[in-house]
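Chemist: Take a look at the following structure, please.
A short reminder: the numbers here are calculations on the coordinates, not readings from a lab. Because the structure is predicted, anything quoted here is derived from the model rather than measured. Here the Cβ positions follow ideal geometry from the backbone for every residue, glycine too, while neighbour counts run over all protein chains shown.
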Amino acid sequence: MSIIGTILIGFVVGLIARALKPGDDKLGLIMTTLLGIAGAFVARYAGAALGLYSGGQAAGWIASVVGAVVLLFIYGLVRGRSSGA
């Protein structure tokens with residue numbers, strides 16, 4: 001897949017993850033895209049560690065969204081801790 005395709009899919013996954021997670025995440029378009037791409041990577045490596053994906057196989061849409069939602073929760077925890085200080 002090309003870089004442009006990866007960025008577009010990451011953007012869509014990031015938007016879906018932000019829509020599914022309750023709360024106000026003040027992320028811009030670039031951070032949403034990076035969130036989606038990182039979510040896909042998290043899903044791929046977690047799936048490979050659990051034996052769900054073979055080497056070089058990309059994660060599916062649902063797994064990518066779940067990975068992005070997990071990253072959003074972690075981001076919220078880190079941001080909440082740093083702004084409360």
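Chemist: Tell me, what is the FRET efficiency for MET31 and LEU52 to the nearest 0.05, using R0 = 35 angstrom and their Cβ-Cβ distance as r? Working shown, then result.
Modeler: On the way: r = 28 Å, r/R0 = 0.79.
The formula returns an efficiency of 0.80 here.
Chemist: Let me ask another. For log10 I(q)/I(0) by the Debye sum over Cα atoms at q = 0.17, 0.25 Å⁻¹, pick the label among (i) -0.62, -1.39; (ii) -0.66, -1.15; (iii) -0.85, -1.30 that corresponds to the value derived from the coordinates.
Modeler: (ii)
Chemist: Please give the calculated 222 nm ellipticity per residue for the chain, where each DSSP H segment of at least 4 residues contributes -39500 (n - 2.57) and the sum is spread over every residue; nearest 500 deg cm²/dmol?
Modeler: Values: 3 runs with 62 residues, N = 85.
Here the helix-only value at 222 nm equals -25000 deg cm²/dmol.
Chemist: Give, rounded to the nearest 20 debye, the magnitude of the charge dipole that the chain has about its Cα centre when Lys and Arg contribute +1 at Cβ and Asp and Glu contribute -1 at Cβ. All intermediate terms of the calculation are to be shown ahead of the outcome.
Modeler: On the way: 6 positive and 2 negative charges, 28 e Å.
Using Cβ point charges on Lys, Arg, Asp and Glu, the chain gives about 140 debye.
Chemist: For a footprinting-style exposure proxy, rank LYS21, LYS26 by other Cβ within 10 Å, fewest first. Can you show the working numbers first?
Modeler: Numbers: LYS21 16, LYS26 6.
The order, fewest Cβ neighbours first, is LYS26, LYS21.
Chemist: I'd like to compare 3-15, 42-54, 62-74: which one has the highest average count of other Cβ atoms within 10 Å, and what's the full order after that? Walk me through the numbers on the way to the answer.
Modeler: Values: 3-15: 16.5, 42-54: 14.7, 62-74: 19.6.
Going by the mean number of other Cβ atoms within 10 Å, highest first, we get 62-74, 3-15, 42-54.
Chemist: For a Förster distance of 25 Å, can you work out the FRET efficiency between the beta-carbons of ILE62 and ILE3, rounded to the nearest 0.05? Before the final figure, lay out the partial values.
Modeler: Numbers: r = 23 Å, r/R0 = 0.93.
My answer for the efficiency is 0.60.
Chemist: Report the relative contact order of the chain, percent, no decimals, based on alpha-carbon pairs under 8 angstrom and at least 6 residues apart. List each step's numbers first, then the result.
Modeler: Numbers: 104 pairs, mean separation 27.8, N = 85.
Computed over the chain, the figure is 33 percent.
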